[in-house]
């Protein structure tokens with residue numbers, strides 16, 4: 001039963017409330033993420049300067065913590081922001097690199113103690129977070145970690161974690177776990193894994209929806225569905241589209257899809273597990 005999360009959501013993007021989203025994120029995709037937020041009528045602020053945090057937290061509506069481009073200085077910024085956010089502000093924790101970098105994995109566990117509304121990673125990163133074996137190298141997920149048995153194993157483990165957090169593991173099929181409920185989602189196209197920042201954009205969209213007062217599970221369902229369908233729409237624009245064109249058109253669709261197809265959410269495909 002997913003339709004309850006999409007009921008009357010056709011006009012959710014562009015956002016009617018323009019939330020100010022504070023992003024502490026990686027240097028590779030910071031501009032792409034900021035623009036993605038603007039395309040859905042959210043307002044980004046991208047800073048990791050801890051001197052500004054106390055003032056910022058009085059103004060912002062939500063927070064995104066992304067572990068990409070990790071350094072000692074960034075680690076302290078992430079920890080400081082999580083401490084301020086705990087019990088005070090909804091935030092998304094994106095555990096980039098946790099599958100292959102022990103420092104990132106350890107930090108992911110420390111930050112998760114601050115009770116993120118949503119914890120996101122690719123399937124390999126989420127397997128690492130759960131203490132399961134994985135085959136990924138770098139920040140990309142591995143197809144070897146996405147067998148039917150591997151997915152069942154990950155869902156079982158995620159259901160054992162803190163139930164105050166919604167967990168999102170992205171891959172060929174995306175896994176959502178909220179409490180004792182789990183869904184296996186089937187939208188999207190392979191090309192979304194072939195441009196840098198698609199996962200980071202997803203985290204930003206979820207944070208924007210949290211800032212616009214959506215529940216964590218609704219924010220995950222809507223953001224995931226919307227980005228995946230934007231990718232599908234981009235791929236359908238031409239039969240010989242190149243990857244750079246695909247990236248450009250996916251970003252275009254962030255601002256276009258909801259207006260061109262108010263019932264986009266009816267294309268969502270997934271099953272409760």
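Computed from the coordinates by the stated procedures, all read-outs in this text should not be read as laboratory data. The structure displayed is predicted, hence computed values, not measured ones. Here the Cβ positions follow ideal geometry from the backbone for every residue, glycine too, while neighbour counts run over all protein chains shown.
Would you order 92, 189, 177, 12 from fewest to most other beta-carbon atoms within 10 Å of each residue's own beta-carbon?
Numbers: 92 31, 189 17, 177 27, 12 21.
Ascending number of Cβ neighbours within 10 Å: 189, 12, 177, 92.
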Of [x] 1.00; [y] 0.93; [z] 0.96, which is the value of Rg/Rh (Cα atoms, Kirkwood Rh) derived from the coordinates here?
-> [y]
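So what is the relative contact order of region 3-272, in percent, for Cα pairs below 8 Å that sit 6 or more residues apart? Walk me through the numbers on the way to the answer.
Working: 498 pairs, mean separation 55.4, N = 270.
Taking the mean separation of contacting Cα pairs over the length of region 3-272, I get 21 percent.
With a/c under 1.5 counting as rounded, go ahead and sort region 151-213 into rounded, prolate or oblate using the C-alpha gyration tensor (a ≥ b ≥ c being the square roots of the eigenvalues; past the cut-off, prolate if a/b is larger than b/c, else oblate). Don't skip to the end; give the middle numbers.
Working: a/c = 2.41, a/b = 1.22, b/c = 1.97.
Note, shape of region 151-213 comes out oblate.
Counting other beta carbons within 10 Å of each Cβ, put 100, 133 in order, fewest first. List each step's numbers first, then the result.
Working: 100 18, 133 11.
Listed from fewest to most nearby Cβ atoms, that is 133, 100.
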Would you mind calculating the relative contact order of region 200-273 from Cα pairs under 8 angstrom and at least 6 residues apart, reporting the percent as a whole number?
-> 29 percent
Helix-only CD estimate at 222 nm, as mean residue ellipticity for the chain, using -39500 (n - 2.57) per DSSP H run (n ≥ 4) | -13000 deg cm²/dmol
Ordering 243-251, 60-68 by per-residue average of other C-beta atoms within 10 angstrom, highest first, gives 60-68, 243-251
For an R0 of 41 angstrom, estimate the FRET efficiency from the Cβ-Cβ distance between residue 266 and residue 162 and round to the nearest 0.05.
-> 0.80
